[in-house]
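Some notes on the structure that comes next.
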Amino acid sequence: MTVEPRVDGPLGGFRVLDLADEKGLPCTRFLADLGADVIKVERPGGDSTRARPPFSEDLPHAERSLYFLHWNANKRGITLNLKEPDGQALFRELVRRADVVVETSQPGTMDRRGLGFAALQAVNPRVVMTSISVFGQTGPYRDYKGNELIGFALGGVMALSGEPHGPPCLAAGDLASGMASMHAALATQVALFHRVRTGRGQHVDASVAEAAAHVGGYVVPFYSYHHEKPVRVTHKETSFELHDIYPCADGGVRLFILTRDHWRVFVEWIGSPPELQDPIFEDQDVRRDNRDLIDPYVREFCRQLTKRELYTEGQARHLAVSPMRTPAEYVASEQTRAREYFVEMDHSVVGRYRQARGMHLFSESPAQMRCSAPLVGQHNEEILVGELGLSRDDLIGLRAANVI
């Protein structure tokens, strides 16, 4: 499948040059889903994220990484060696026609290649350059190398993850870099809005560690104001607290019983045990102090029902009961199907597969799944010949020189 440079969508007509690794892929996929013409610029032979599992049919291959397919849908793709002067010159020509450049290299790398913000702005004063790095473009840590683990840890959140007196835990997925990437996407759009008003582009600087600090919610602001360290809470034993997860017939559920009315309804639901009828238990602090009395009733009640039964019955009673779903259960859920979150896509190597659509639904400018992720260098001729004016002989020479 191919995609036209200009398409419908909130960002239709904007062009983005995508130099991102894992730290920036959610950003560029988001912009692509909104209709921007995102051109994935890979090194000759393909981006390193093509080697990231899982792979279709468990066959490791540059065109079979499901990770790459997910994050690079709705994009076109070319290969370009930015370490070579000819590759750098071609990239500058692409920048003349671009609105945004998203890059995730180590701070200073783009400057050394003559592709830093000042150099690109000299080529195109309207270009927005978005840089996503672990620590940002300034400060004493700017040259330190890192990854998701480092950003999550130094952002202050990892210190609160895990059991008290135990080792800290890393959150599942790419929480810190994913948050940094989505904030970068938002900031990029704000920079484009600013350009509408001023006619000038600007440099957007996003930090994974700073995004991790935001993920922690009140934690970092709490310490900055009170100078008190938040403490971890245990999850090994249930105590009828806000964070409790109770085992049920097919997994676990989380309960949120806060108000007096909620408590009364909940007690009726679990069979009105005589020991829990005293109105004194309507006070949340009293319930907390008497968790050893309350907890066995809750555990026995949950153990007899499934996640779905607890969730639907809780909803009917206006109680907050949250089932702990597996990824497989989420994919198969009626809510996911009703919102058509997964769509069927075609790929010339993988074949027919299911692809997550864009994150947001728009009533007036709906985003569409236009194409699967590009093959390595799939649009070299379309872009370098069709748009930059190179000849096919030029492509042969550039390929022989390892420029594309």
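Structure values in brief
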quantity	calculated
Quotient of C-alpha Rg and 2.2 N^0.38 Å, computed over the chain	1.19
Using distinct alpha-carbon pairs, which all enter the 1/r mean, Kirkwood radius of segment 245-324 in Å	12.7 Å
Unit Cα scatterers, Debye sum, segment 122-190: log10 I(q)/I(0) for q = 0.15, 0.19, 0.28 Å⁻¹	-0.61, -0.86, -1.23
Candidates Leu276, Leu17, Leu90: whichever shows maximal mean-square fluctuation once the chain is modelled as a Gaussian network with Cα springs under 10 Å	Leu276
Counted charge near Val38, where neighbours are those whose Cβ lies closer than 12 Å (Asp, Glu -1; Lys, Arg +1)	+2
Overall form of segment 31-181 per C-alpha gyration tensor (a/c, 1.5; a/b vs b/c)	oblate
For segment 71-76, Karplus couplings with θ = phi - 60° (6.51, -1.76, 1.60), whole Hz, Gly/Pro x	7, 10, 5, 6, 10, 8
Choice from Met324, Met182, Met345 with maximal GNM fluctuation in the chain (Cα, 10 Å cutoff)	Met324
HN-Hα J in Hz across segment 153-162 - Karplus 6.51, -1.76, 1.60, θ = phi - 60°, x for Gly and Pro	6, 6, x, x, 7, 5, 4, 9, 9, x
Rounded if a/c under 1.5, otherwise prolate or oblate - segment 73-120, Cα gyration tensor axes	rounded
Using alpha-carbon coordinates, inclination of helix 260-269 to the longest axis of the chain, degrees	70 degrees
Net length gained if the chain between Tyr330 and Arg392 were fully extended (0.36 nm per residue, minus Cα distance)	17.6 nm
Crossing angle, helix 307-316 versus the chain [Cα axis fit, 0-90 degrees, rounded to tens]	70 degrees
Cut-off under 5 Å, modelled amide H: who pairs with Cys248 long-range	Val253
Of all DSSP beta bridges in the chain, antiparallel share, percent nearest 5	40 percent
Gyration tensor (alpha-carbon) shape descriptor, segment 321-367, a/c threshold 1.5	oblate
Per-residue HN-Hα couplings for segment 365-374 [Karplus 6.51, -1.76, 1.60; θ = phi - 60°; Hz; x = Gly/Pro]	9, x, 6, 10, 7, 8, 6, 7, 4, x
Segment 343-384: projected area of the alpha-carbon convex hull, averaged over directions, in nm²	4.1 nm²
Potential extension, Thr138-Phe256 segment - 0.36 nm per residue separation minus Cα distance	38.2 nm
Ranked Phe14, Phe281, criterion: other C-beta atoms within 10 Å, fewest first	Phe281, Phe14
Given the chain, longest segment not containing exposed loop GluC sites (Glu not before Pro) (DSSP; at most 13 other Cβ within 10 Å)	1-227
Cβ-Cβ FRET estimate between Arg354 and Arg92, R0 fixed at 35 Å, reported to 0.05	0.35
Built amide H within the under 5 Å cut-off of Cys169, gap 5+	Ser161, Gly162
Set Lys23/Lys83; Lys145/Lys229; Lys83/Lys145; Lys40/Lys307; Lys75/Lys145; Lys75/Lys307 screened for pairs whose C-alpha atoms are more than 31 Å apart	Lys40/Lys307; Lys75/Lys307
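Bear in mind that the values in this text are calculations on the coordinates, not laboratory data. None of the values given here were measured: they were computed from a predicted structure. Quick reminder, even Gly has a Cβ in these numbers, built from the backbone with ideal geometry, and neighbours come from all protein chains shown.
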